[in-house]
1. Do we find that Val79 is closer than 18 Å to Glu23 by Cβ and in contact with a helix residue (DSSP H, G or I) (Cβ under 7 Å, 6 or more places away or on another chain) in this structure?
2. Condition check: within 14 Å of the chain's Cα centre (by Cα), under 14 Å from Glu23 (Cα atoms) and not basic (Lys, Arg). Does Leu58 satisfy that?
3. Of all residues being open to solvent by less than 100 Å² (accessible area, probe 1.4 Å) and assigned to a helix (DSSP H, G or I) in segment 138-181, which is nearest to Thr41 (Cα to Cα)? Just the residue, please.
4. What number of residues within segment 103-119 are in a loop (DSSP other than H, G, I, E, B) and out of contact with any Gly (no Cβ under 8 Å at 6 or more places or on another chain)?
5. Do we have any residue at all in segment 60-69 that's of a type outside the set (A, V, I, L, M, F, W, C) and part of a loop (DSSP other than H, G, I, E, B)?
6. Determine if segment 109-126 includes at least one residue that is of a type outside the set (Val, Ile, Thr) and touching a Pro at 6+ places or on another chain (Cβ under 7 Å).
7. Give me the residue from segment 96-117 that is open to solvent by less than 10 Å² (accessible area, probe 1.4 Å) and touching a Leu at 6+ places or on another chain (Cβ under 7 Å) and, out of that set, nearest to Gln83 (Cα to Cα).
8. Please find, within segment 75-86, the residue that is least open to solvent (accessible area, probe 1.4 Å) out of those that are at negative phi, among the polar types (S, T, N, Q) and without any contact (Cβ under 8 Å) to a residue 60 or more places away in the chain.
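The values are calculated or read from the model by the stated rules, or taken from the named source; none is laboratory data. All values reported here derive from a predicted model rather than from experimental measurement. Quick reminder, even Gly has a Cβ in these numbers, built from the backbone with ideal geometry, and neighbours come from all protein chains shown. In case anyone asks, the SASA skips ligands and DNA or RNA and just uses the protein heavy atoms, side chains included. Shrake-Rupley method; radii C 1.70, N 1.55, O 1.52, S 1.80 Å.
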Amino acid sequence: MIIKDLKLVIDEWLALDCLRKDEIVVIGCSTSEVAGQPIGTSGSTEIAKTIYEQMSKLQKQTGVHLAFQCCEHLNRSLVVERQTAVQYGLEEVAVVPVPKAGGSMASYAYQQMESPAVVENISAHAGIDIGETMIGMHLKPVAVPLKLKQRTIGHARVRAARTRPKLIGGHRAFYGENPSR
């Protein structure tokens, strides 16, 4: 059921064509919620593995950078590849997430990455919140909710968002690609 739900969410996300190469996508995930338990009570490495594998496929298809959000015990820091931290000038913090302090998802991601780094914050271009983990603090300022038809992964509610640049300039401003003025 989880893989089917994930594939539906990812297919919808891809159909929206809002993910671009080298953008950052934050993933907040409570594996407990996916399993139908309250957040932070029943972390699952097996569920984390399934989600990581599907998100890695999304990454390969789109060329985005993945950032896995840790739990509140690590102040919702994020696990990224070191190359992402360097490319975006992200400040690394000294911690290694484990299931009871960081969460099963972030802990699993850290173990799978080629050269993991944990950063304190990020301004992601898009994100997915699986199980109401509160990813909003890691999105760029103008977040646009994505209305996905697939609203759950397992038992967890799913919300996704993309971001857009701020619109400035008022009624005289032009926001298209080639102004004819």
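1. yes
2. Spelling it out, Leu58 is indeed within 14 Å of the chain's Cα centre (by Cα), under 14 Å from Glu23 (Cα atoms) and not basic (Lys, Arg).
3. Only one residue fits best here, namely His138.
4. The total comes to 3.
5. yes
6. Scanning segment 109-126, I find at least one residue that is of a type outside the set (Val, Ile, Thr) and touching a Pro at 6+ places or on another chain (Cβ under 7 Å), so the answer is yes.
7. Step by step, filter segment 96-117, then rank; the result is Pro97.
8. Looking at residues that are at negative phi, among the polar types (S, T, N, Q) and without any contact (Cβ under 8 Å) to a residue 60 or more places away in the chain, I get Ser77.
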